[in-house]
Amino acid sequence: MKLNHLAIIMDGNRRWAIFNNLPAYHGHQKGADNLWNVINDINNYSFKYLTVFVFSTENWKRSKKEITFLMELLNKFLDDTISKIKNENIKIRFIGDLSVFNKKIQNKLYHINDETLNNTGVTITLALNYGGRSDIILALNKILKDNSISQVIRENDFKKFTLNGDLPYPDLLIRTGGEKRLSNFLLWDLAYTELMFLDKMWPDFNKITLDKCIHNFNKRVRNYGA
């Protein structure tokens, strides 16, 4: 069984910090650094797509202090990304409502997208201010405005209007941090995705853990309801 598209919910940054007697922002910083560790390891595998849940539409409910730090961290992560993509063949794209971010961040997002658009390596999708329900509603509104769509909407027609519409469905979803829920991530896309929930916190996730997950995935039988 071939793994072509991996999705990850990076969870447990704050709990990792608490466990290690550190302020919460240390956990978020460690988590951001670890995302690049995983991205750097991608070339060791054969799959072509990685979609990562970075920031959800619900994350805005956190304290103003934490949100401020997360935005500063995002800004730094984008600066690091702009520097690193010069030597990488990866394609980086962003999904979600990006209009809520300040212009400085938006410009960096669009710059990274444009600079990597024609790269032929792994496609890495970062979900920012993303929600699965919002994705579905957005797709429905696009369909209502599309005069070329007939009154009968088929699954494949609908998929084209979702934010990951041009990508194959994820084969495997990994969620770190011990929680066993989807948290409004890729709700349309994950219908027949294999799910793995790990107790390990995201800052501790590494290539050894990923290898074990892929080995577990390869032993599974996917019948898609048959």
Open item on the list: For the stretch 1-31, give me each residue that is in contact with a helix residue (DSSP H, G or I) (Cβ under 9 Å, 6 or more places away or on another chain), closer than 26 Å to residue 122 by Cα and assigned to a loop (DSSP other than H, G, I, E, B).
Closed with: 1, 2, 3, 10, 11, 12
- [ ] Read through the list (1) part of a helix (DSSP H, G or I); (2) in contact with a strand residue (DSSP E or B) (Cβ under 8 Å, 6 or more places away or on another chain); (3) farther than 16 Å from residue 51 by Cα, then give the number of the only condition that residue 178 fails.
- [x] (1)
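Suppose we filter 185, 161 for residues that are assigned to a loop (DSSP other than H, G, I, E, B), touching a helix residue (DSSP H, G or I) at 6+ places or on another chain (Cβ under 8 Å), under 24 Å from residue 25 (Cβ atoms) and touching a residue at least 12 places away in the same chain (Cβ under 8 Å); which single one remains?
185
Quick check on this structure: which one of 118, 156 is outside any helix (DSSP H, G or I), surrounded by fewer than 19 Cβ atoms within 10 Å (Cβ to Cβ) and either at pLDDT 95 or above or among the polar types (S, T, N, Q) (or both)? Before the answer, list the steps.
Numbers: 156 fails: outside any helix (DSSP H, G or I).
Unique residue meeting the criteria: 118.
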- [ ] Kindly list the number of the only condition in (1) part of a helix (DSSP H, G or I); (2) over 14 Å from the mean Cα position of the chain (by Cα); (3) among the polar types (S, T, N, Q) that fails for residue 34.
- [x] (2)
TODO: Those residues that are surrounded by fewer than 19 Cβ atoms within 10 Å (Cβ to Cβ), more than 27 Å from residue 139 (Cα to Cα), in contact (Cβ under 8 Å) with a residue 60 or more places away in the chain and not acidic (Asp, Glu), I need them from the stretch 188-213; list them, please.
DONE: 200, 206, 207, 210
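The values are calculated or read from the model by the stated rules, or taken from the named source; none is laboratory data. It should be emphasised that the depicted structure is a prediction, and the values quoted were computed from it without experimental measurement. Cβ coordinates were reconstructed from backbone atoms using ideal geometry, including for glycine residues, and neighbour counts include every protein chain displayed.
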